[in-house]
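Below is one structure, written out as structure tokens, with a few remarks after it.
Only the coordinates and a few stated rules stand behind these numbers; no lab work does. The structure presented is a predicted model; accordingly, all values stated were derived computationally and were not measured. Glycine gets a Cβ as well: all are built from the backbone with ideal geometry, and neighbour counts include every protein chain shown.
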Amino acid sequence: MLKLALLTKKLPSSLFIINVTRLETDCRNVGAFSDIYIGEYKGQKVALKSMRMFQTMSDGERARVLEKFHYESLIWRNLRHQHILQFYGIADSLFTRSPCMVLPWMPFGHITKALEDMRVSSAPREYIKKQLQTWAKIVSGLQYLHDEHVVHGDLRGPNILIDNDLSVRLADFGLAVFAAGASQNYASSRGGNVRWMAPELILPEAFSLESMRPTYASDVYSFGCVIVELFSGKAPYPQFTRDPQVITHVTQGLHPSRPLPAQGIEIPDYLWKLATKCFSYRPSQRPTARMLASMVQVPDAVSDRPTEPQRGLCSLLAHLLFENSTEHGRIFRSKPACRTETQETTGSQPGRKPCKGSRASKLWIILFKWR
């Protein structure tokens, strides 16, 4: 359907839906360029996202931007994934001069509040495990978007919603790109979102880029910021009260600092190392969403032994992060000396000496590198 629409430049009639009812006159939430209302569609409670920016446009500009909005909406409507918010369609007669996205209503709101409640009610170890499970779901949705050639463009806590099954749903992807084409004041329209922005989006000329258009790599940078946000319960750079301070900080090659312990829970070293990889100043040095998905597929394996999560995930992260690097290749082609059972702490069996290319010796090398 999407390919046909792009080829013929004709939108499918199914994109536009009728029999949508607006239940309230006052909006429930105000975003950078939209307002959220409660509505009803096919007997279900829905969110009505009214695109406020259209109200002040001239007729000519509105027609141009509306076409882009329709195609971004069509892309979203064709996506199907358990961690992507479903898109029902567009209702274009509920608001004066403003098209409206019709989406499932998420009763539990966005993830920041949900994790804050979890932090209060869970033991530290259980909380970290739930955090891992949450990040795995976020990355699963992000990988799906990238596999479908869709850049999210605005990955942050308020755009990560919690559904009726208490699972994660990514929302509002593509809207940042759409807004970029709709407004000359794109950066200012995003407001505090600059705290999740990659350096190449803040200062594109330093990277020989012609625009602030988000990329797969900038999504990964934003994911690192989400790790900081969700673990601290605050937006990145809480030490800065104004966005220009953040911009100066980022363009100097600096990134969000390690979150301070919240209620006695400190971000584990291996997760912070993952975040710093996402913060690599050069986009090409960041892991891909597919790599991230492999790195965080371990929540169910977390055991009750306090050393196990760090050892297992750290080895997995190191292997995936460095397996294609020249330095890592030299390490794995080398021949480490055999080590006795008393020297080896993981992976060995009584009477055996893990040597050469054994999994245990490689693991020891990886962990040594990551210390």
Calc'd 3J(HN,Hα), the range 122-127, phi into Karplus 6.51 cos²θ - 1.76 cosθ + 1.60 (θ = phi - 60°), Hz, glycine/Pro = x, comes to 10, 5, x, 5, 5, 5
For GLY31, residues with placed amide H under 5 Å, excluding near neighbours = ILE36
With only Lys, Arg, Asp and Glu charged, each at its Cβ (+1 for the first two, -1 for the last two), find how big the charge dipole of the range 29-104 is about the Cα centre; round to the nearest 20 debye.
-> 180 debye
Let me know the shape class of the range 52-156, please: from the alpha-carbon gyration tensor, a ≥ b ≥ c as square roots of the eigenvalues, rounded when a/c is under 1.5, otherwise prolate if a/b is greater than b/c, or oblate.
-> prolate
